[in-house]
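The values are calculated or read from the model by the stated rules, or taken from the named source; none is laboratory data. Worth saying up front: this structure is predicted, and the values here are computed from it rather than measured. Note: ideal-geometry Cβ built from the backbone for every residue, glycine included; neighbour counts use all protein chains shown.
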Amino acid sequence: MWFIFAFLSAIFAALTSILAKIGIEGINSNLATAIRTAVVLVMAWLMVFITGVQSQITEISKKSWIFLILSGIATGLSWLCYYKALQIGEASKVVPVDKFSVVITMILAFIVLRETPNVKTILGGVFITIGTLIMVLK
């Protein structure tokens, strides 16, 4: 089941890039990010209320609050940078560099989360790196 959700995430992320590139034309990238964020905020809270989990907010630990807030800050900074890059660059080049976050995430997962790397993971990371470089180099 996780694969289905991950694949759907990839499809929606691809749509996000194309729709954003079209929608950002002629407006400030920070304003575009704020509009996108407001829509995401409304959608996320709608899902919380639709699924009836709003009462769980009082059960969230201090540690979870801290890391969720830090994750939100990282997401905001990522989106601000992404929209600026998308505004001034070609989507076909910006997106592969943005998706290089996969390799950075893998490295951080090995270091911070102490996940065990294996040959497939390392080779996949190497191929993603090579593919990214091929796509963005002139």
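Brief remarks follow.
- Exactly one residue out of Gly76, Gly52 is at positive phi and either of a type in the set (Gly, Ala, Ser) or modelled with pLDDT of 95 or more (or both), and it is Gly52.
- Contact map, the range 55-66: residues that are closer than 17 Å to Trp45 by Cα paired with residues that are surrounded by 10 or more Cβ atoms within 10 Å (Cβ to Cβ), Cβ distance under 9 Å, separation 6+ or inter-chain. Pairs shown: Gln56/Val48; Ile57/Val48; Ile60/Leu68.
- Neighbours by Cβ (under 7 Å, 6+ apart or cross-chain): first from the range 4-19, touching a residue at least 40 places away in the same chain (Cβ under 8 Å) and surrounded by 12 or more Cβ atoms within 10 Å (Cβ to Cβ); second assigned to a helix (DSSP H, G or I) and not hydrophobic (A, V, I, L, M, F, W, C): none
- A count restricted to the range 26-42 and to residues that are farther than 16 Å from Gly76 by Cα and either in contact (Cβ under 8 Å) with a residue 60 or more places away in the chain or surrounded by 10 or more Cβ atoms within 10 Å (Cβ to Cβ) (or both) stands at 1.
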